[in-house]
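J.: Next up is a structure, given as structure tokens.
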Amino acid sequence: MAQEVTTLDAELEAVRAEALRRLDEVTSVDEAAAWERDYLGGKGRVTQLLRGLGSLPAEQRPAAGRATQALKAELTEKYDDVGARLKAAARQQALAEDAIDVTLPGRPVIIGAAHPISQMIDELIEIFALLGFQAVFGPEVETGHYNFDLLNIPSDHPARDVWDTIIVESPNEEIVLRTHTSPMQARTMERMQPPVRVIVPGRSFRFEAQDASHEWMFTQLEGLAVDENITMADLKGTLRELARQLFGPTRRVRFRCDFFPFVEPGVDFAVDCAICDGQGCRVCKHTGWLEMGGAGMVHPNVLKGVGYDPEKYTGFAFGLGIERIIMMKTGVSDLRAFAGNDVRFLRQFARPIV
């Protein structure tokens, strides 16, 4: 019997020595958890010793139990000390790694900015406001009556076939996506009496092939002035001043005769290409000139259609491509980039917040 007690004491001392040695070698919370499983867990060495006490004679169990429980208490206390120390060290390391230096400058916040087309519309509205024009806006889905009829383009007019119109089906009335912003000429004159000076920025739609200077959806700026004694000289002076304000005094402008059903006479308005400096490139189709749009004196039939007396009033109208104006100012060589939604491209036009 004494031999069994001696053997248990030796085993307890061996487990104690081994456990303390291994505990001294523990350097992380994970290693400490593994140590606890090996010695104090449900299948640990000390737990197995406690379960084996039942095999001892009854008179030896109390003393053996106290010795084993003493070992368990000692190892638990040592483990708690080491575990607390390791957990505190781990917390300090985590805090150090996640520390924020509040003296460092903050990261810039990425915010939205106005699209370059919207920026150009704002600039054009400001320029024309100085020339006495007010901005008005109209519907993008139009009736054929305003898109064509009141602009001297009746249903049997051959020019009606060249607009590449996108038609919205309607059983009773011709409904289209407007091919230009010119319908607002008639809408404005119907509700105003001369003098009239308005610009109409907005999107237009045509079913046509896309290339570096053409899009099926594009942004136009319509201009209209009606009053007594308005002449072609007023139109040319207005567009020359626009070119000076937009591109500076060194840019050259050109007016050439052209035909548009709603003006007579008609001209196309062009500026020497800023991308190639008038030498010729694919954007200006190697002509050295980039057409800004069409213009001319308002046709008498258009004035009659809205109840104006063409014997008393005259006027001029023009339509400019806003994307082409931006291309001229910035050197962008492909009009399609403005509708591409490439953030890298659009970010170039973001204005700083003041």
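J.: Identify, from the list 260, 255, the residue that is closer than 30 Å to residue 145 by Cβ and aromatic (Phe, Trp, Tyr).
T.: Exactly one of 260, 255 is closer than 30 Å to residue 145 by Cβ and aromatic (Phe, Trp, Tyr), namely 260.
J.: Exactly one condition in (1) of a type in the set (A, V, I, L, M, F, W, C); (2) more than 27 Å from residue 306 (Cα to Cα); (3) in contact with a Phe, Trp or Tyr (Cβ under 9 Å, 6 or more places away or on another chain) is not met by residue 90; state its number.
T.: (3)
J.: Condition check: surrounded by fewer than 16 Cβ atoms within 10 Å (Cβ to Cβ) and more than 32 Å from the chain's Cα centre (by Cα). Does residue 304 satisfy that?
T.: yes
J.: Condition test on residue 32, is it within 30 Å of residue 218 (Cβ to Cβ) and surrounded by 13 or more Cβ atoms within 10 Å (Cβ to Cβ)?
T.: When the stated conditions are applied, residue 32 does not pass them.
J.: In the stretch 218-260, which residue that is buried (at least 21 other Cβ atoms within 10 Å of the Cβ) and in contact with a Pro (Cβ under 6 Å, 6 or more places away or on another chain) is nearest to residue 275 (Cα to Cα)?
T.: 221
J.: Scan the stretch 231-249 residue by residue and report those that are within 19 Å of residue 291 (Cβ to Cβ) and of a type in the set (Val, Ile, Thr).
T.: 238 - this is the single residue of the stretch 231-249 that is within 19 Å of residue 291 (Cβ to Cβ) and of a type in the set (Val, Ile, Thr).
J.: Regarding the stretch 327-341, can at least one residue be identified that is part of a loop (DSSP other than H, G, I, E, B), touching a Cys at 6+ places or on another chain (Cβ under 8 Å), touching a residue at least 40 places away in the same chain (Cβ under 8 Å) and not hydrophobic (A, V, I, L, M, F, W, C)? Full working, then the answer.
T.: Let us first name the residues in the stretch 327-341 that are part of a loop (DSSP other than H, G, I, E, B), namely 331-334, 340-341.
Those left that are additionally touching a Cys at 6+ places or on another chain (Cβ under 8 Å): 333.
Next, only the ones that are touching a residue at least 40 places away in the same chain (Cβ under 8 Å) stay: 333.
Adding the requirement that they be not hydrophobic (A, V, I, L, M, F, W, C) leaves 333.
Yes, the stretch 327-341 contains at least one residue that is part of a loop (DSSP other than H, G, I, E, B), touching a Cys at 6+ places or on another chain (Cβ under 8 Å), touching a residue at least 40 places away in the same chain (Cβ under 8 Å) and not hydrophobic (A, V, I, L, M, F, W, C).
So that you can scan it fast, the table gives a plain yes or no per residue for (1) part of a helix (DSSP H, G or I); (2) at pLDDT below 95; (3) touching a strand residue (DSSP E or B) at 6+ places or on another chain (Cβ under 9 Å):
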| site | (1), (2), (3) |
| --- | --- |
| 283 | no, yes, yes |
| 286 | no, yes, no |
| 293 | no, yes, yes |
| 297 | no, no, yes |
| 304 | yes, yes, no |
| 316 | no, no, yes |
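The values are calculated or read from the model by the stated rules, or taken from the named source; none is laboratory data. Source: prediction; values computed, not measured. Virtual Cβ from ideal backbone geometry, glycine too; neighbours counted across all protein chains shown.
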